[in-house]
Amino acid sequence: MLNRQLTSRVLGSLLLLEAAFMAVCVVVALSYQNADLWPFTLSTLITGATGFALLRSGHNAPTTMSRRDAFVIVTLTWVTFSIFGSLPYLFGGFFGQIKPYDVSGTWSIVTDAFFETMSGFTTTGASMLNDVEAQLDKHHAMLFWRSLSQWIGGLGIVFFTIAILPSMVGNTMKVFSAEATGPIRSKMHPRLSATAKRIWWVYIVLTIGCGLLYWIAGMDGFSAMNYAMTTTATGGFSIHNDSIVHFQSPAIEYIALVTQYLSGINFSLLFMIFAMRKLNSWHDFKRSERTKWYEFSRNEEWRFYTISVVISTLFIMLVLMFSRGYVLEEAFRKSMFQVVSFMTTTGIFCDHVGAWPHITWMVLAILMFVGACSGSTTGGFKSSRALMILKVIRNEFMHMMHPRAVLPVKINGKALPSSMVHTLLAFFAIYILACLGTTALMMAIDIDITNSVVISLSCINNVGLPLNELGPDMTWSGMPLVIKWVCTGLMLLGRLEIFNVLILFTTLFWKDN
């Protein structure tokens, strides 16, 4: 049976953390003397009180956790975080004022607020705000909350808790497995909490470095802080309608490009590169550095990710130069920015991609589906899975010529167990079925095929593309109510790797045996 006391304790501790994040927004509202002060104060009190009540009700809970508990806790955490995270939008009236006896209007406002919050925490970046600058003018705390929600969700809500409050989560490895992205998970330390701390330090340093570079390049402090959080989280939320294009600065575009690329690498690998070891001599230092770079360069997933970026950039750059007359530097910058933005599922634009040749759309769509590395802040199918599928296909061709050959699928020189390959193929099948099913549902309610495909891929890959950027005449806020809820579910499915959510809806999961 489900351990309800343990679930209550974990959810309570997480809600207290969310209340602490909201309290930061209260400070921002006080600093700028915004009207956001009351909505965030009330949201902080409600979230904190609920968290304290849940924590108290589960204070005697046992520390042992089953896999069933882990799956339920992780899914409930993301849903609960989004429910309480939507309170500032509701109290602030950013999607309209809730009126008594107006059930349909109230439900529409709640839907938009929940969609916006889920989009933030899952780092999707799809927004119900069609005009951010007008609708959130002088609402600094709300702008900060949107960016902060993406930064929190970048590496995972529960993963953040494991780093600072490991005792609150219980069996951290089972919870981590239910939330972590990708089929292959690196471990740098016997204790998962120590690994989480190290990865979060890399994440924080990368965010601070990005923010400082933005500020040096010409952004004001508030803009630099917001864009640093959303760029590092590969989320895509912006405090301007035209995002990075607003600044008209090649330097800022290069900073965003490099930060997105680094955020698409497995953070365990990044830590390995930047970690300092205790060395006795300059010779030891050089040998250590050579060893680290050798191990880094041999990582097959990173090589696949980097080679995909380079080849796609060169192809689109040549297309832009010969068909649209772009000069060399501009073609290189625009093409690489969009390639990295799509592959890391950030989904921000530095050019009007809708005016590019259609062949470039196909390349970007493939990159958006594949995604970057496991263990990063990105969404998508993941480069490791794409690489595994290519190796499975290659082995099948070899089996046709040598039926008796034993050909294991190897990643980084290690043979993968057959169970992992079976899981991969099942994941790929259900991934495709989810996209096709959602597309068919949207077409059934008279949404054109272009919008249907873009919306489905955008949500399940946590990209959050501006729907009017590639040509379709539609916005996220203009979608039917039922599709908004479907898209919200797709965001959660994509962020938690589909199986971890869908298993809750099987009868097998709830059987005692």
| remark: Being loosely packed, with under 12 Cβ neighbours inside 10 Å, at pLDDT below 90 and closer than 23 Å to VAL79 by Cα narrows PHE505, PHE509 down to just PHE505
| So which residues in region 231-252 are part of a helix (DSSP H, G or I), within 20 Å of MET343 (Cβ to Cβ) and open to solvent by 10 Å² or more (accessible area, probe 1.4 Å)? | SER243, VAL245
| remark: ALA126 passes all but one of the listed conditions (1) within 18 Å of the chain's Cα centre (by Cα); (2) in a helix (DSSP H, G or I); (3) not charged (D, E, K, R); the exception is number (2)
| request: Among the residues of region 408-459, write down those that are open to solvent by 20 Å² or more (accessible area, probe 1.4 Å), of a type in the set (A, V, I, L, M) and assigned to a strand (DSSP E or B). | output: ALA415
| task | Please give the number of the condition PHE91 fails out of (1) part of a helix (DSSP H, G or I); (2) more than 17 Å from the chain's Cα centre (by Cα); (3) surrounded by 19 or more Cβ atoms within 10 Å (Cβ to Cβ); (4) modelled with pLDDT of 90 or more. | result | (3)
| Check on SER119, surrounded by 15 or more Cβ atoms within 10 Å (Cβ to Cβ), outside any helix (DSSP H, G or I) and either touching a residue at least 12 places away in the same chain (Cβ under 8 Å) or out of contact with any helix residue (DSSP H, G or I) (no Cβ under 6 Å at 6 or more places or on another chain) (or both) | no
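The values are calculated or read from the model by the stated rules, or taken from the named source; none is laboratory data. Being a predicted model, the structure only gives us computed values, none of them experimental. Positions of Cβ are generated from backbone atoms using ideal geometry, with glycine treated the same way; all protein chains shown enter the neighbour counts. Calculation scope for accessible area: heavy atoms of the full protein, side chains included, ligands and nucleic acids excluded. Shrake-Rupley method; radii C 1.70, N 1.55, O 1.52, S 1.80 Å.
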